[in-house]
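Take a look at the structure below.
The values are calculated or read from the model by the stated rules, or taken from the named source; none is laboratory data. The shown structure was predicted, so the numbers you read here are calculated from the model rather than taken from an experiment. Positions of Cβ are generated from backbone atoms using ideal geometry, with glycine treated the same way; all protein chains shown enter the neighbour counts.
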Amino acid sequence: MTDFFQNGSITTLHNLCNRPLEDMEHELLEFSHQRPMSLLLPSLYSELEGEALPKILDELAQVPYLSEIVIGLDRADESQYRDALRQFRRLPQQVRVLWNDGPRLRELDAKLQERGLAPMEPGKGRNVWYCLGYILASGKGEAVALHDCDILTYDRNLLARLFYPVANPNFSYEFCKGYYSRVASGKINGRVCRLLVTPLIRTLQKIYGYTDYLNYMDSFRYALAGEFSFRRDVINDLHIPSDWGLEIGVLSEMYRNFSTNHLCQVDIAHCYDHKHQSVSFHDDQGGLSKMSIDIAKSLFRKLATQGIVFSNEIFRSIKATYFRIALDFVETYRNDAIINGLSFDIHREEQTVELFARNLMKAGQAFLDNPMETPFIPSWSRISSAAPGFLQELRAAVEADLEDYGE
């Protein structure tokens, strides 16, 4: 695809010619002598029983340039942790598994709870945060990449292209976001990004005018992608959101901490499909419904830190403006689907927009009711200051679990 267009305030690195994977992996192997690479995989045990993760492991077993793979394992009892260790042994790289539900890591979490420093919500944010702490403690990786474990269309190209911008010592990027086409099974996916994030950002631009932050957020082709890479020095001062606002929150942190000429996005896959969340029309505590509320709150909080003032009247205007813009996007995506011979359920799309519009008001009310809410997990710099030695305790606990439960 001859798409070389640059838009917004960050660099876009395209896939212009389908470069042979072997060439890129050879370069990455050379880069690894100067910038060793660590891969972070947040995972549920149940994903080992699914279709995606076993295939991902088959692909990773062929990757020559990784120094370590750090896996955060959630929702696993002892027998499941043992089984996970057995399954991950097929990987030739150094692999460490954080058994988040095990007694050692629970004890460490309790220590942080006593100081008011532990993650408050279980989930991906907490999992990623502890894995980042382990990567800091191990000191093996200078470049770090993260991706989900439910990618049905995974291959090694995705990982190579994700790592390349932060592993190449001739590039100055500190952070890279992956993007891809969300088309699979004959239809356009990515509903939350298409029908909430982009229309909401355009809504906020219309109401508040140009801001550098909103222009920056609008630069990302797939802001909710779970795949990103970064240099290790990014970790220390990173505040990880503990809710569904993780991806938006990380992008906001990059904006706060770095100049945009050190940030980029890269095309990592022509075809991408993963496990889909239900919309959850009748329960705002689950599925895409909860996700939409958390994402909206994340954006509102960030804008408030920049002096933007919100009120009930403003949120009503946001809802009305969003609704009109989002419906226009539905028509745009319908036409895009038709020209490409894809199926498109306009009724379901507009139902989803109606749900998201209602949830914007819920997110706004939650923000007004609790403006001092702190959904971010403390940075690892703060942890190291408040609890010196904690990182080494974390590393020792992971090693002890491996020794005691590995066969």
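Computed values, structure above
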item: Residue match in region 178-189 (condition: crowded, with 21+ Cβ neighbours inside 10 Å, in contact (Cβ under 8 Å) with a residue 60 or more places away in the chain and of a type in the set (D, E, K, R)); result: no
item: From ARG106, ARG90, ARG96, ARG86, residue being touching a residue at least 12 places away in the same chain (Cβ under 8 Å), among the basic types (Lys, Arg) and assigned to a helix (DSSP H, G or I); result: ARG86
item: Residues of region 140-171 satisfying the condition of being among the hydroxyl-bearing types (Ser, Thr, Tyr), under 15 Å from CYS264 (Cα atoms) and not in a helix (DSSP H, G or I); result: none
item: Candidates ILE308, ILE314, filtered to the one that is more than 30 Å from GLY186 (Cβ to Cβ), not assigned by the TED database to the domain that holds LEU162 and not in a helix (DSSP H, G or I); result: ILE308
item: Residue satisfying all of: in region 385-407; more than 28 Å from the chain's Cα centre (by Cα) and in contact (Cβ under 8 Å) with a residue 60 or more places away in the chain; surrounded by the fewest Cβ atoms within 10 Å (Cβ to Cβ) among these; result: GLU407
item: Test: ILE318 is modelled with pLDDT of 95 or more, of a type in the set (A, V, I, L, M, F, W, C) and more than 25 Å from GLY226 (Cβ to Cβ); result: yes
item: Extreme residue, farthest from TYR272 (Cα to Cα), among residues of region 166-188 that are touching a helix residue (DSSP H, G or I) at 6+ places or on another chain (Cβ under 7 Å) and among the small types (Gly, Ala, Ser); result: SER172
item: Every residue from region 4-41 that is in contact (Cβ under 8 Å) with a residue 24 or more places away in the chain and either surrounded by fewer than 13 Cβ atoms within 10 Å (Cβ to Cβ) or assigned to a loop (DSSP other than H, G, I, E, B) (or both); result: ASN7, GLY8, SER9, ILE10, HIS14, ASN15, SER32, GLN34, ARG35, PRO36
item: In region 111-127, the residues that are more than 26 Å from the chain's Cα centre (by Cα) and either without any contact (Cβ under 8 Å) to a residue 12 or more places away in the chain or surrounded by 18 or more Cβ atoms within 10 Å (Cβ to Cβ) (or both); result: GLU114
item: Residue match in region 270-289 (condition: in a helix (DSSP H, G or I) and either touching a Cys at 6+ places or on another chain (Cβ under 9 Å) or at pLDDT 90 or above (or both)); result: yes
item: Condition met for GLU373 (at negative phi, outside any helix (DSSP H, G or I), charged (D, E, K, R) and surrounded by fewer than 16 Cβ atoms within 10 Å (Cβ to Cβ)); result: yes
item: Sole exception among (1) within 21 Å of LEU57 (Cα to Cα); (2) touching a Gly at 6+ places or on another chain (Cβ under 6 Å) for ARG182, by number; result: (1)
item: Test: residue in region 370-379 that is more than 20 Å from the chain's Cα centre (by Cα), farther than 30 Å from PHE390 by Cα and among the acidic types (Asp, Glu); result: no
item: Any chance ASN170 is surrounded by fewer than 19 Cβ atoms within 10 Å (Cβ to Cβ), free of Cβ contacts under 8 Å to residues at least 24 places away in the same chain and not assigned by the TED database to the domain that holds GLN306; result: yes
item: Qualifying residue in region 276-293 (condition: in contact with a strand residue (DSSP E or B) (Cβ under 9 Å, 6 or more places away or on another chain), of a type in the set (Val, Ile, Thr) and buried (at least 20 other Cβ atoms within 10 Å of the Cβ)); result: no
item: Within region 42-61, considering residues that are part of a helix (DSSP H, G or I) and within 18 Å of the chain's Cα centre (by Cα), the one surrounded by the fewest Cβ atoms within 10 Å (Cβ to Cβ); result: ALA52
item: Residue tally, condition small (Gly, Ala, Ser), over 20 Å from LEU355 (Cβ atoms) and free of Cβ contacts under 8 Å to residues at least 60 places away in the same chain, over region 272-321; result: 2
item: Positions within region 323-358 being among the hydroxyl-bearing types (Ser, Thr, Tyr) and either under 26 Å from the mean Cα position of the chain (by Cα) or not in a helix (DSSP H, G or I) (or both), in sequence order; result: TYR333, SER343, THR352
item: Search result, residues across region 215-231 that are surrounded by fewer than 21 Cβ atoms within 10 Å (Cβ to Cβ) and in a helix (DSSP H, G or I); result: ASN215, TYR216, ASP218
